[in-house]
Amino acid sequence: MKKLLLTIYFSVSSLSFAQVGINEANPHLSADLELGSKNKSLLLNRVPNTGAVANPVNGMIIYDVAEQCVKAFQGGAWSQCFWKENAAFALTCASAVFAPTTATQGQSYTGTLTIPYTGGDGSAYSGQTIQSNGLVATLAAGTFSTGAGSLQFSVTGFPVTSGSAVFSITINGSTCSSITLPVNPGTPVLPSNITLEGRYFIASVYDEDYSPFTAPTGPATTARPVAADGINETLVDLQGVIPTSGLTVYIPATATGSGTIGSFSQTINVPANLTEDGISRNITLSWSSQSYNSTTKSIAATLKAEGGTLNARKLDVNAGIGNDYLGVLLGRFLMPNAGAQKGYDVRIIAAIPDRMFNQPDIDQNFSHNFLYLPIQAEDGNVWLNHNLGADYTNVNDPKFNLGKRPTSASDYNAYGSLFQWGRKPDGHDLIKWTSSNIGTPVNTTITGTTNDNPIDTRFIATGSDWRVTGSTTLWENATSANNPCPIGFKIPTQAQIQTYLNASNISNGINGAVASKLGLTAAGTRDAGLGNISTITTGTSGLYWSSTAGSISSPAAAALQISQFGAPSAAFFPSKGQGISVRCIKE
């Protein structure tokens, strides 16, 4: 008996650490359980009715004995019967009523839409949200009456244009394609000389098998876990949230004149399948009336959750980025622009692997195991949240913390690598920082010998350009052979750096730069002639390469230069052989 129990114990234990197959020798890596029989089926739990299941959670599937059908719990409610249609159910579209019966362009509307129906069967229905012309109609999950009844949507927002807001609504297989709310002419929230549009990223990740990273070929999903090679690495666990106290966000603006925007507030629903705790939440975007002019690059707004913290779904690295590198859409607010309707997207995204993540360097060491998060900066562009090679991004460093901002301009854990202009991330860039003004290159220096295609990890110290043949295209774009940024990202041009400076309005040197959305730090420079880390600039100044170089014969390239005091500049830096910081922008 003991031998039998021991055998069973080891059998169950072995199954608990791998995929399980029943009549299937090689179960799919993305499935916990795969059935392989060719002449048998899966038999679900038979329950008297949905009320018999205490504390249901999204993802449950049952056979409802009372209605003799399969049902699923999704979106916070039990679904109707699978494969069982109620042909008698119908929305009475002609009797749909808005209250109030009209809205006004640019003015807040709060009301209801009531739609009668016939043929209800007492089953549950899921909630839904529909947007039109700046208005959001929201139906909470509920239960149909038996026979005749009505559904009531809450309708809120600021109509963008005069004319009408037209909603197409489908419930239980019945559709009302054009329920129309008249919108009277009024004063737009946003005058015609300013347009708002943009996105906000919430980093939310859970993954311990993300290597090797496979470049995404389709849209991001919430699937988790997604096996990379079946071998676990350092756990990346970051819960992204929207708190009830609110976050200050900056919505990118394009203004061609001056004026005043009106106050605005809009609430949308985030479904339960996009939250980590399975709780659907409403989120609200709002701003107060504020003035602007032609130099305005963004407006300040507040993004907050209603009724409790929104815990965004944690994403898998290999599933949660997508081929557009924009992650998963959590919700979309409709901007009250006077012209074409545009949106402000709130998105969840997983970590973005370094270009050399889990790939051997020239010396066969795996030294670039860095992960980054995207952020939208003051200029409206998407950047990486840290310098390439920062300790906070190094999964093998005890200070690894993806969401950590620099604590100050001299926070050396955020300094990262120092690159020679145009070189690959081949190991010459790596620095081990031990204090705010002391760092040690991971690899040695070779002096006096230029090389167009270095085949080792050494820093080439020549005092000028590290190449024999000058080039202006080594970092030209995301597909350039020497681009050190993650897939989909690149080194910013001089013009893009200047646009960022114009939008961020940094005026008080490196302390202002670290307080900006990008959190730029004072890693300083590595000398082009000797390969030493400067004791003058390190800890006091920040320098960041652009992809813009001078002529082929020129040893200079443009860089963001942030001194201890004053306004930064996007000027040319004399030597491509100097080692300075790199921050990447989405192409």
Does segment 161-179 contain any residue that is farther than 30 Å from D121 by Cα, in contact (Cβ under 8 Å) with a residue 40 or more places away in the chain and assigned to a loop (DSSP other than H, G, I, E, B)?
-> yes
Restricting attention to segment 144-177, the residues that are within 12 Å of Q131 (Cα to Cα) and either of a type in the set (V, I, T) or touching a helix residue (DSSP H, G or I) at 6+ places or on another chain (Cβ under 6 Å) (or both) number exactly 5
Somewhere in segment 541-559, is a residue modelled with pLDDT of 95 or more, on the phi < 0 side of the Ramachandran plot, in a loop (DSSP other than H, G, I, E, B) and hydroxyl-bearing (S, T, Y)?
-> yes
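Give me the residue from segment 289-321 that is hydroxyl-bearing (S, T, Y) and in contact with a Ser or Thr (Cβ under 7 Å, 6 or more places away or on another chain) and, out of that set, nearest to Y206 (Cα to Cα).
Filtering segment 289-321 for residues that are hydroxyl-bearing (S, T, Y) and in contact with a Ser or Thr (Cβ under 7 Å, 6 or more places away or on another chain), the one nearest to Y206 (Cα to Cα) comes out as T309.
Answer with yes or no whether I431 is of a type in the set (V, I, T) and buried (at least 18 other Cβ atoms within 10 Å of the Cβ). Spell out how you get there, then give the answer.
Details: of a type in the set (V, I, T): yes; buried (at least 18 other Cβ atoms within 10 Å of the Cβ): yes.
So I431 passes the test.
Every residue, every condition in (1) among the charged types (D, E, K, R); (2) surrounded by fewer than 16 Cβ atoms within 10 Å (Cβ to Cβ); (3) farther than 25 Å from A223 by Cβ, yes or no:
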| position | (1), (2), (3) |
| --- | --- |
| D32 | yes, yes, no |
| L35 | no, yes, no |
| K38 | yes, yes, yes |
| L44 | no, yes, no |
| P48 | no, yes, yes |
| A52 | no, yes, yes |
| G59 | no, yes, no |
| Q68 | no, yes, yes |
| W78 | no, no, no |
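Tell me, yes or no, whether segment 560-571 has at least one residue that is farther than 23 Å from S471 by Cα, touching a strand residue (DSSP E or B) at 6+ places or on another chain (Cβ under 8 Å) and not in a strand (DSSP E or B). Reasoning before the result, please.
Quick first cut of segment 560-571, residues farther than 23 Å from S471 by Cα only: 562-569.
After this cut, where a residue has to be touching a strand residue (DSSP E or B) at 6+ places or on another chain (Cβ under 8 Å) as well, the list is 562, 568-569.
Of the ones still in play, those that are also not in a strand (DSSP E or B) are 568.
Scanning segment 560-571 turns up at least one residue that is farther than 23 Å from S471 by Cα, touching a strand residue (DSSP E or B) at 6+ places or on another chain (Cβ under 8 Å) and not in a strand (DSSP E or B).
Looking at segment 181-200, is at least one residue outside any loop (DSSP other than H, G, I, E, B) and over 29 Å from L303 (Cβ atoms)?
To start, the set of residues in segment 181-200 that are outside any loop (DSSP other than H, G, I, E, B) comprises 181-184, 194-196, 198-200.
Subsequent filtering for residues that are over 29 Å from L303 (Cβ atoms) retains 182, 184.
Among the residues of segment 181-200, at least one is outside any loop (DSSP other than H, G, I, E, B) and over 29 Å from L303 (Cβ atoms), which makes the answer yes.
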Taking segment 355-377 and keeping only residues that are part of a loop (DSSP other than H, G, I, E, B) and either of a type in the set (G, A, S) or under 16 Å from the mean Cα position of the chain (by Cα) (or both), one is left with S367, L373, A377
Counting only residues that are buried (at least 17 other Cβ atoms within 10 Å of the Cβ), part of a strand (DSSP E or B) and at pLDDT below 95, how many does segment 130-153 have?
-> 8
Out of (1) farther than 25 Å from C584 by Cα; (2) modelled with pLDDT under 95; (3) crowded, with 20+ Cβ neighbours inside 10 Å, the one A319 does not meet is (1)
Within the set of pairs 6+ apart or on separate chains, which have a first residue in segment 362-374 that is closer than 30 Å to Y200 by Cα, a second that is among the aromatic types (F, W, Y) and outside any strand (DSSP E or B), and C-beta atoms under 6 Å apart?
-> N369/F357
Answer yes if at least one residue in segment 474-492 is within 29 Å of T540 (Cα to Cα) and assigned to a strand (DSSP E or B), and no otherwise.
-> yes
So S417 clears everything in (1) within 30 Å of Y250 (Cα to Cα); (2) of a type in the set (S, T, N, Q); (3) part of a loop (DSSP other than H, G, I, E, B); (4) in contact with a Phe, Trp or Tyr (Cβ under 8 Å, 6 or more places away or on another chain) except one condition, right? Which one?
-> (4)
Of those in segment 486-523 that are hydrophobic (A, V, I, L, M, F, W, C) and surrounded by fewer than 22 Cβ atoms within 10 Å (Cβ to Cβ), the residue nearest to A567 (Cα to Cα) is L501
Can you give me the number of residues within segment 72-117 that are modelled with pLDDT of 95 or more and aromatic (F, W, Y)?
-> 2
G339 meets each of (1) of a type in the set (G, A, S); (2) at pLDDT below 85; (3) crowded, with 24+ Cβ neighbours inside 10 Å with one exception, condition (3)
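Would you pick out the residues in segment 238-283 that are assigned to a strand (DSSP E or B) and either in contact with a Cys (Cβ under 8 Å, 6 or more places away or on another chain) or among the aliphatic types (A, V, I, L, M) (or both)? First the steps, then the outcome.
At the first step, the residues of segment 238-283 found to be assigned to a strand (DSSP E or B) are 238, 241-242, 247-255, 259-261, 264-270, 275, 281-283.
Listed by number, the residues that qualify are L238, V241, I242, L247, V249, I251, A253, A255, I261, I268, V270, I283.
The values are calculated or read from the model by the stated rules, or taken from the named source; none is laboratory data. On a predicted model such as this, the values are computed, not experimentally measured, just so you know. Virtual Cβ from ideal backbone geometry, glycine too; neighbours counted across all protein chains shown.
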